1. The stretch 119-221: which GluC sites (Glu not before Pro) are DSSP loop and have at most 16 other beta-carbon atoms within 10 angstrom?
2. Tally Lys and Arg at +1 and Asp and Glu at -1 over the other residues with C-beta under 9 Å from the C-beta of Thr616: what net charge comes out?
3. Report, to the nearest 10°, how far helix 462-475 tilts away from the longest principal axis of the Cα atoms in the chain, using its own Cα long axis and a range of 0 to 90°.
4. Write down Rg/Rh for the stretch 53-322, rounded to two decimals, with Rg from the C-alpha atoms and Rh from the Kirkwood relation over Cα pairs.
5. Can you tell me the orientation of helix 231-246 relative to the chain, as the angle in degrees between its alpha-carbon axis and the longest Cα principal axis, to the nearest 10?
6. Considering Cα pairs under 8 angstrom that are at least six residues apart, work out the relative contact order of the stretch 53-322 and quote it in whole percent.
7. Before anything else, pin down the relative contact order of the stretch 492-628: Cα pairs under 8 Å, at least 6 apart, normalised by residue count, whole percent.
8. Peptides 545-556, 188-199: what's the order by average Cβ count within 10 Å, highest mean first?
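Laboratory data are not the source of any read-out in this text; all were calculated from the coordinates shown. Just so it is clear, the structure is predicted and the values come from calculations on it, not from any experiment. Cβ sites come from the backbone with ideal geometry, for glycine too, and all protein chains shown count toward neighbours.
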Amino acid sequence: MDNIKDLKKEPELPKPKLKVETTNSTIDKAIQKAIDGIVKVQDPEGFWCYELEADITIPSEYILMMHYIGDIDENIQAKMANYIRKRQQENGGWPLYLGGKTDISCTVKAYYALKLAGDDIESTHMLLARRAILEKGGAAKSNVFTRIMLAMFEQVPWRAVPFIPVEIMLMPKWFPFHISKISYWSRTVIVPLFVLYSFRATAKNPGKIDIRELFEIPPEKERNYFPKRSLLNKIILIAERIGFNLQGLIPGFIHKRALEKAKNWMLPRLNGESGLGAIFPAMINAYEALLLLGYEKDDEVVKLARKSIDLLIIEKEDEAYCQPCMSPIWDTLLVSRALLESKEESAIKSMHKGLEWLQKKQVVDGDGDWRENRPNLAPGGWPFQFKNDYYPDLDDTAFAGLAMAKADFGKYEKTIKLAADWIVGLQSKNGGFASFELDNTQYYLNEIPFADHGALLDPPTADVTARCVMFLASIVSKYPEYHDSINKGVQYLYQEQEDDGSWFGRWGTNYIYGTWSVLLAFEELKIKSDDHRIKKAVAWLKSVQRKDGGWGEDNDSYESFGKPGLGYKSSAFQTAWAILGLMSAGEADSESVSKGIDFLLKQQGPDGLWHDPEHTAPGFPRVFYLKYHGYDKYFPLWALSKYRNEIKSLRP
């Protein structure tokens with residue numbers, strides 16, 4: 001950044017003295033209060049699972065689903081409609097995250113859901129919403145997933161959506177588009193979509209509610225459903241439209257065989273009560289696809305698919321929403337890491353209960369989709385959700401393995417080794433690690449019309465790579481065979497550092513998260529704090545600290561990559577990330593860390609916890625954002641505990 005001085009010329013400033021005697025008592029009390037607040041919500045089985053909230057797209061889609069199948073729970077609909085109304089912006093639209101700009105696709109779904117729920121289109125909030133949509137060009141300008149929904153509700157013609165025939169299931173792996181070449185989340189969403197598209201799924205829509213008022217041009221006359229983004233995109237779009245116009249020539253026996261293959265792909269992956277891919281979009285598509293494939297509503301397979309969706313609902317007194325998925329593995333391993341750092345006896349006891357539960361959740365058998373590229377790689381990962389055996393991920397696996405290695409290596413050694421071997425087996429050619437996939441870098445696929453969301457792939461990222469390297473570094477003294485993998489990962493991280501010293505955060509908002517992740521890894525690697533990369537990262541973190549002592553970055557940074565979005569206020573979870581990153585770089589006794597700790601102490605609530613309203617992470621940058629309700633609970637505890645440990649070690 002422009003305001004960062006040349007690090008080579010910057011003079012060493014005297015470090016302020018710590019006020020250990022006056023701060024220890026306050027910090028001790030704050031830590032214990034936070035531990036008490038966290039431990040008391042631990043499930044009797046040992047796990048933690050905080051709410052995981054997205055934007056209003058998902059509750060809107062839940063209402064739309066009920067009207068699609070013609071089975072409407074009036075109570076849930078009323079509560080979800082109330083949830084949606086409460087989050088409308090003053091201009092009438094809905095954003096993808098708190099404080100974000102109006103998103104047309106999100107707003108179209110919200111408007112349609114509210115109209116289906118009975119809201120009068122002449123009421124103030126609906127008039128405002130309609131105006132916001134029309135100002136952005138009307139519903140025809142919404143994204144692919146929204147237009148697919150509109151086609152199913154007969155609001156736009158099927159030519160308004162990409163050509164996604166089920167016959168793709170029969171394509172050989174060498175073909176430019178193959179389901180093994182896209183990310184796990186894209187795969188689980190698109191395969192049931194093939195079925196919906198092939199049957200031209202039509203909503204029952206009992207009230208025959210339409211939203212023609214949201215189109216500038218009548219949908220049947222619209223000719224610009226696919227804006228051209230690049231030369232490659234234009235070429236692909238021409239080929240795609242040719243395919244759309246010729247689809248009637250596909251022989252019936254081939255179509256039937258492709259449908260059967262799609263069904264046979266879905267059935268073993270339905271994943272019980274956790275649902276296909278354990279993510280809402282895939283689960284809802286699978287549920288609707290099963291009904292088209294001949295399964296009756298009272299069939300056990302269909303009932304279980306619906307139950308998996310309904311289990312995601314968070315119902316409160318006057319509102320309800322649907323989670324995109326659940327996060328028990330992620331929450332449990334992060335809580336465990338924070339409790340371990342505290343070194344408090346009650347915390348350690350709860351931590352081990354959590355780790356013992358995690359140990360039982362490790363995927364140790366089966367044929368997950370990772371075998372497509374590594375058929376002989378033994379399993380050993382953890383999923384993000386309660387159950388998702390086909391799709392464990394490297395981020396959860398690395399953090400779970402690290403927590404166990406730090407807590408009691410001997411007790412968990414077999415579990416740790418399985419995890420490490422699985423992670424090393426999925427390292428990409430460039431040295432980095434992705435969340436679920438290996439070398440998932442077929443970037444040309446982002447140019448197909450279906451990929452207007454820009455989240456079709458799962459390439460390696462700095463934050464996941466940092467986690468994997470950190471875990472492997474923590475056990476390399478026992479397993480020196482991991483040295484080569486670690487070195488490749490470190491070189492990847494060196495290459496990924498931004499010019500201003502930060503690192504991009506794919507799975508947390510954003511550069512603060514990415515920089516924290518890498519600095520923690522460098523600490524585990526014992527890279528000295530005078531390394532120029534670390535000094536540059538430290539200077540960047542200090543440069544974006546706010547006047548109140550905290551840090552705050554919003555999701556606008558995903559709109560303009562390379563330019564951190566400094567949010568409208570500081571948040572506890574991002575302050576904790578920044579403090580942890582600085583302390584990992586040897587800055588525990590710096591003024592920046594001291595101010596950050598003061599901010600956390602001042603923001604702690606009477607219940608011992610912190611309560612930030614902000615969304616904390618992208619599901620998919622620019623498309624879908626998340627609020628982990630646990631982030632503002634366990635990350636501040638982790639930061640306070642590490643600070644207390646660090647300053648104790650600095651006493652004369």
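1. Glu122, Glu154, Glu216, Glu220
2. Numbers: positive: Lys627; negative: Asp612, Glu614, Asp632.
Here the charged neighbours net out to -2.
3. 50 degrees
4. Working: Rg = 18.7 Å, Rh = 19.5 Å.
Rg divided by Rh gives 0.96.
5. Roughly 40 degrees, rounded to the nearest 10.
6. On the way: 351 pairs, mean separation 62.4, N = 270.
Normalised by residue count, the contact order of the stretch 53-322 is 23 percent.
7. On the way: 209 pairs, mean separation 34.4, N = 137.
In percent, rounded to a whole number, it is 25.
8. Numbers: 545-556: 20.8, 188-199: 23.3.
Highest mean packing first, the order is 188-199, 545-556.
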